[in-house]
Amino acid sequence: MKKYLFLLAMVGLMLTSCATRVVTTTPATTKVVYIKQAPRNHTVVRINGKRYYKWNGKHYRKTRRGFVFVRV
């Protein structure tokens, strides 16, 4: 009888987990503004091997839809 209780306890311990489920909430969808063309006075800057476009003191990344503002 002790064998069965021990076995049952071991199975019970194996089926339970100490891990807890962490749920993260995503922020509300952000509105992304695409700029179709870069102005003539833009400069191309390489930071960590990635190409960024800079004008008006802000950095932009080129995408299929246009240019998107990024924080560098």
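Summary of computed values
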{"quantity": "Those residues of the range 16-48 which are open to solvent by less than 60 Å² (accessible area, probe 1.4 Å) and under 20 Å from the mean Cα position of the chain (by Cα), in sequence order", "calculated": "47"}
{"quantity": "Which listed residue, of 52, 4, is surrounded by 10 or more Cβ atoms within 10 Å (Cβ to Cβ) and of a type in the set (Ser, Thr, Tyr)", "calculated": "52"}
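The values are calculated or read from the model by the stated rules, or taken from the named source; none is laboratory data. Given the structure is predicted, the values throughout are model-derived calculations rather than measurements. All Cβ positions, even for glycine, are placed from backbone atoms using ideal geometry, and neighbour counts span all protein chains on display. Accessible surface is based on the protein model in full, side chains and every heavy atom, while ligands, DNA and RNA are left aside. Shrake-Rupley method; radii C 1.70, N 1.55, O 1.52, S 1.80 Å.
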